[in-house]
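What follows is calculated from the coordinates using simple rules that are stated; it is not laboratory data. Since we're looking at a predicted model, the values are computed, not measured. A quick note on method: Cβ atoms are made from the backbone with ideal geometry, for glycine too, and the neighbour counts reach across all protein chains shown.
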Protein chains: 2
Amino acid sequence: MPDSSSQPAKKPSRIQLRNRKRILDAALEVFSRDGFRGATLDQIAAEAGLSKPNILYYFDGKEDIHVTLLNAQLDTWLDPMLALDAKGDPLTEILAYVQRKLDMARQFPRESRLFAGEILRGASFMAPYLRRDFQPLFEAKCALVQDWMDSGRLQACDPQHLMFSIWATTQHYADFAAQIEILQADKPKAGSGASAYLRQLFTGLLKV
Amino acid sequence: MPDSSSQPAKKPSRIQLRNRKRILDAALEVFSRDGFRGATLDQIAAEAGLSKPNILYYFDGKEDIHVTLLNAQLDTWLDPMLALDAKGDPLTEILAYVQRKLDMARQFPRESRLFAGEILRGASFMAPYLRRDFQPLFEAKCALVQDWMDSGRLQACDPQHLMFSIWATTQHYADFAAQIEILQADKPKAGSGASAYLRQLFTGLLKV
DNA sequence: TCGTGTATTTACCAAATGGTAAAATAAATA
DNA sequence: TATTTATTTTACCATTTGGTAAATACACGA
């Protein structure tokens with residue numbers, strides 16, 4: 001038995017790799033839609049095209065799937081922030097960060113909704129990861145932005161709230177897609193324009 | 001039997017009024033935390049201090065509680081936008097709108113998370129209400145903002161995306177409170193500053 | 001092709017969950 | 001006070017759900 005969380009696994013076979021990926025992809029679909037409590041193993045099994053006992057052959061249980069999924073996505077989710085470069089031009093760096101976050105929301109809406117849902121219901125699973133990986137990175141990048149402002153290369157404002165507003169505005173397009181779709185039902189140029197608008201918004205705030 | 005959805009109800013007694021409110025308040029707590037699928041009648045019953053059969057004496061079922069709750073909150077939720085006044089000073093009006101939304105997020109975080117969760121998982125219940133009540137209001141207020149911009153009283157930008165960014169940035173403080181709390185764990189002036197930051201952000205965008 | 005470990009299915013379980021029927025209790029009214 | 005009506009409890013039920021045991025089918029190297 002593979003038994004996911006056991007460390008000293010030999011070599012995951014092709015079938016194992018394929019099925020674990022199938023399960024995690026199905027779980028992403030289901031967990032991002034219904035949350036941990038609302039999701040069922042039967043849903044995940046159906047989505048993955050496997051039987052329920054079969055997915056329990058690859059994972060120790062519902063929680064194991066969930067935790068594995070969150071872990072697997074967190075690094076990718078933090079990448080855009082990690083790429084904020086102290087050596088670059090401040091405004092360009094921030095606008096590029098906004099664009100990267102927007103691209104991620106557009107390209108990985110399910111991942112965005114998965115995280116959003118987790119945090120919405122209290123981050124019970126995410127909290128350890130947020131503290132371990134996210135918090136230090138957040139602190140460091142806020143300090144960087146503060147430096148840019150102190151040296152007059154960026155209009156002064158609260159770096160923390162700046163970050164919050166960048167996440168909020170970009171992830172909004174993934175997390176609230178259902179609402180946006182309803183509101184823009186008849187509008188012609190639906191979906192586009194976000195990138196230009198956000199550039200305008202944050203340029204207006206940060207340009208010296 | 002009261003039987004919630006039945007229209008020709010006589011007069012709700014004091015007990016009925018009190019218990020229905022208790023149940024809806026408990027449901028707000030539970031649904032906002034776990035979503036419709038994740039919430040259970042037992043949780044709601046425990047939170048309300050009533051037995052499960054007893055809450056089913058006041059409501060037709062889980063879905064009835066949920067729908068009643070969404071309906072009861074929607075008007076309140078739309079009020080800040082409704083108050084956008086064509087006769088006021090444009091920038092002042094918008095900044096006041098931002099402040100009202102921020103106040104609502106701070107004062108009613110459970111309501112904010114309830115709606116956020118609903119939309120996150122596809123707005124299956126909300127969609128009709130959004131189309132009926134929200135969409136026309138949204139359209140009207142976007143047109144108003146567009147007028148302000150066309151007459152040069154506001155810096156031109158996309159009104160729809162402006163609205164999206166106002167909702168995103170303000171509701172973020174309710175919907176992602178768990179994350180903010182973790183990230184600001186050590187910071188001293190936690191929680192405050194949002195109002196000033198958002199005023200700066202949207203002033204920078206909209207000032208002519 | 002044979003055997004051995006891998007993968008999958010079948011048949012279950014116990015607990016949780018949404019919901020009901022009817023008895024018992026409390027309020028209101030005649 | 002008697003009696004009717006509104007409310008609450010007790011005892012259930014059928015389905016769903018997370019999970020398991022054991023039997024079966026499959027892959028793959030010797």
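Count the net charge of all other residues whose Cβ sits under 13 Å from the Cβ of B:ARG153, scoring Lys and Arg as +1 and Asp and Glu as -1.
So the environment of B:ARG153 carries a net charge of -2.
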- Task: Within 10 Å of each Cβ in peptide A:196-203, how many partner chain Cβ atoms are there on average? Round it to a whole number, please.
- Result: 5
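Over all directions, what mean area does the Cα convex hull of the protein assembly as shown project, stated in square nanometres?
Across all orientations, the protein assembly as shown yields a mean hull projection of 24.3 nm².
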- Task: Could you please report the charge total around B:MET104, scoring K, R as +1 and D, E as -1 over all other residues with beta-carbon less than 13 angstrom from its beta-carbon?
- Result: 0
- Query: Under a no-solvent Debye model with one identical scatterer per Cα of the stretch B:58-208, what's log10 I(q)/I(0) at q = 0.21 Å⁻¹?
  - Reply: -1.37
- Item | Per-copy distances of the A:ASP64 label point, shortest first, in nm (7 angstrom along Cα→Cβ) | 4.2
- Residues A:LEU41, A:LEU69, B:LEU114 in order from fewest to most other beta-carbon atoms within 10 Å are A:LEU41, A:LEU69, B:LEU114
- Task: Could you please rank A:THR203, A:THR170, placing first whichever residue has the fewest other Cβ atoms within 10 Å of its Cβ?
- Result: A:THR203, A:THR170
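Count neighbours as other Cβ atoms within 10 Å of each site's Cβ, and list the trypsin sites (Lys or Arg not before Pro) in the stretch B:80-170 that are DSSP loop with at most 14 such neighbours.
B:LYS87, B:ARG153
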- Note on the structure: Label points for B:ASP85 built 7 Å along Cα→Cβ; distances to same position in the other copies, nm, shortest first, come to 5.0
- Over chain A: helical MRE at 222 nm, DSSP H runs n ≥ 4 each giving -39500 (n - 2.57), nearest 500: -22500 deg cm²/dmol
- Item | Distance between the stretch A:131-172 and the stretch B:129-206 - C-alpha centres, whole angstrom | 18 Å
- Note on the structure: Of the listed pairs A:LYS52/A:LYS101; A:LYS21/B:LYS62; B:LYS141/B:LYS207, those with alpha carbons more than 28 Å apart are A:LYS52/A:LYS101; A:LYS21/B:LYS62
- Note on the structure: With one decimal in nm and the nearest listed first, the spacings from A:ALA46 to its own position in the other copies, using label points 7 Å along Cα-to-Cβ, are 2.8
- Task: List A:VAL208, B:VAL30, A:VAL67 from most exposed to least, where exposure is judged by having the fewest other Cβ atoms within 10 Å.
- Result: A:VAL208, A:VAL67, B:VAL30
- Task: Can you check what the net charge comes to around B:ALA127, using other residues whose Cβ is under 14 Å from the Cβ of B:ALA127 (Lys, Arg +1; Asp, Glu -1)?
- Result: 0
